[in-house]
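Colleague: The following block contains the structure, expressed as C-alpha cells.
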Amino acid sequence: GQQVMQIPQYQHVQEGEDFTTYCNSSTTLSNIQWYKQRPGGHPVFLIQLVKSGEVKKQKRLTFQFGEAKKNSSLHITATQTTDVGTYFCAGNSGNTPLVFGKGTRLSVIA
Amino acid sequence: DAGVIQSPRHEVTEMGQEVTLRCKPISGHNSLFWYRQTMMRGLELLIYFNNNVPIDDSGMPEDRFSAKMPNASFSTLKIQPSEPRDSAVYFCASSKHNAPLEAFFGQGTRLTVV
C-alpha cells in the first residue's frame with residue numbers, strides 16, 4: 001500500500017536558524033497536506049498542495065510539492081519558539097484516505 | 001462549530017476490560033476517521049467511514065477492535081478485551097468527502113491500559 005516517509009525524525013535548532021522537513025511517497029499523490037501538532041495537542045491542518053511543482057508560503061513557512069508529485073518539503077525561516085511541535089505530511093491518491101508520515105519533531109532552543 | 005468532539009479525554013483501565021471511545025464529527029462532514037498515535041508507530045489509520053459506512057478497516061489491529069457509526073453525528077471505537085499494548089492516544093477526525101480533504105482532528109483520547 002501507499003507509504004509516506006518523512007525525514008528527519010527529530011530536529012533541534014537554535015532560535016533564528018532555518019528548518020526543513022522532507023516527505024516522500026511511494027506512489028504519485030493527488031495532493032499533499034501538512035499538519036502541525038503542538039506538544040500534548042492534536043494535528044492541525046496547515047496547508048494543501050495539489051499542483052505539480054507548487055510552492056505556497058505562509059509567513060515564514062514555505063511549502064513545496066515536487067514535480068513528480070511524490071515528494072514535498074516544509075521550510076521554516078528563522079525559527080521561533082512558537083514553531084515547536086511535530087510537523088506531519090499526509091498524502092492521498094484519488095479517493096483513498098490520507099496516509100500520514102511519522103512526522104518531524106522540531107525543538108527550538110532559545 | 002465546536003469541532004470534532006471526543007470523549008473521554010483520558011481513560012485508565014485494567015487489562016481485560018472493555019473500552020469504548022466516542023466521537024462526534026463536525027456537522028456536515030461525511031467522512032470520519034479513527035487514528036491511533038504512539039511514539040513507535042506514529043499516526044496509524046485504523047478505520048474510516050464515508051456516509052456512515054465503513055470503507056476500509058484494514059488498519060484495525062485485531063478482532064479485539066471494532067468501530068461503529070450508527071448515524072452521521074456519532075461513532076464509537078471499542079476495544080474488548082483491552083491489553084497494555086493498546087495504550088496510545090486515539091484521534092477521531094472528520095472531513096468532507098469532496099476535495100479539499102482537510103481533516104479536522106478531535107482532541108484525542110489518551111488510553112492507558114494497566
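Colleague: What does the average come to when, for each residue of peptide A:40-48, you count the partner chain Cβ atoms lying within 10 Å of its Cβ? Write down the numbers at each step before the final one.
Modeller: Details: counts 4, 3, 14, 9, 3, 8, 1, 2, 4.
Mean shielding count: 5.
Colleague: Arrange the following residues from fewest to most other Cβ atoms within 10 Å of their Cβ: B:ARG85, B:ARG22.
Modeller: Numbers: B:ARG85 10, B:ARG22 16.
Sorted ascending by nearby Cβ count, the order is B:ARG85, B:ARG22.
Colleague: Continuing with this model, one more query. Give a quick list of trypsin sites (Lys or Arg not before Pro) in the range A:1-89 that DSSP marks as loop, anything other than H, G, I, E or B, with at most 12 other Cβ atoms within 10 Å. It would help to have the intermediate numbers written out before the result.
Modeller: Details: sites: A:LYS36, A:LYS51, A:LYS56, A:LYS57, A:LYS59, A:ARG60, A:LYS69, A:LYS70; in loops: A:LYS51, A:LYS59, A:ARG60, A:LYS69, A:LYS70.
Those that pass, being in a loop and sparsely packed, are A:LYS51, A:LYS59.
Colleague: Which of the chymotrypsin sites (Phe, Trp or Tyr not before Pro) across the range A:1-104 are loop residues per DSSP, with 10 or fewer other Cβ within 10 Å? Walk me through the intermediate numbers first.
Modeller: Values: sites: A:TYR10, A:PHE19, A:TYR22, A:TRP34, A:TYR35, A:PHE45, A:PHE63, A:PHE65, A:TYR87, A:PHE88, A:PHE100; in loops: none.
Nothing satisfies the criteria.
Colleague: Spelling out what I want: for every residue of the range A:89-105, take phi, set θ = phi - 60°, compute 6.51 cos²θ - 1.76 cosθ + 1.60 (Karplus), and round to whole Hz; glycine and proline get x.
Modeller: 9, 8, x, 8, 10, x, 9, 6, x, 4, 10, 8, x, 7, x, 10, 8
Colleague: For a quick size check, give me the Cα extents of the range A:60-110 along its three principal axes, largest first, whole Å.
Modeller: Result for the range A:60-110: principal-axis Cα extents of 42, 21, 12 Å.
Colleague: Can you work out ³J(HN,Hα) from phi for every residue in the range A:8-24, in order, using Karplus 6.51 cos²θ - 1.76 cosθ + 1.60 and θ = phi - 60°, giving whole Hz and x for Gly and Pro?
Modeller: With the stated coefficients, the range A:8-24 comes to x, 7, 9, 8, 10, 10, 7, 3, x, 7, 8, 9, 9, 10, 10, 10, 10 Hz.
Colleague: Name the lysines eligible as straight-distance cross-link partners of A:LYS36: C-alpha to C-alpha under 27 Å, and not fewer than 8 places from it in the same chain.
Modeller: A:LYS51, A:LYS56, A:LYS57, A:LYS59, A:LYS69, A:LYS70, A:LYS102, B:LYS24, B:LYS96
Colleague: Can you list the HN-Hα couplings for the range B:35-51, worked out from phi with the Karplus curve (6.51, -1.76, 1.60; θ = phi - 60°), rounded to whole Hz and with x for Gly and Pro?
Modeller: 10, 10, 10, 10, 4, 6, 10, x, 8, 10, 7, 8, 7, 9, 10, 10, 6
Values quoted throughout were computed directly from the atomic coordinates according to the rules given, and no laboratory measurement underlies them. Because the structure is a prediction, the values reported are computed rather than measured. We place every Cβ from the backbone using ideal geometry, glycine too, and count neighbours over all the protein chains shown.
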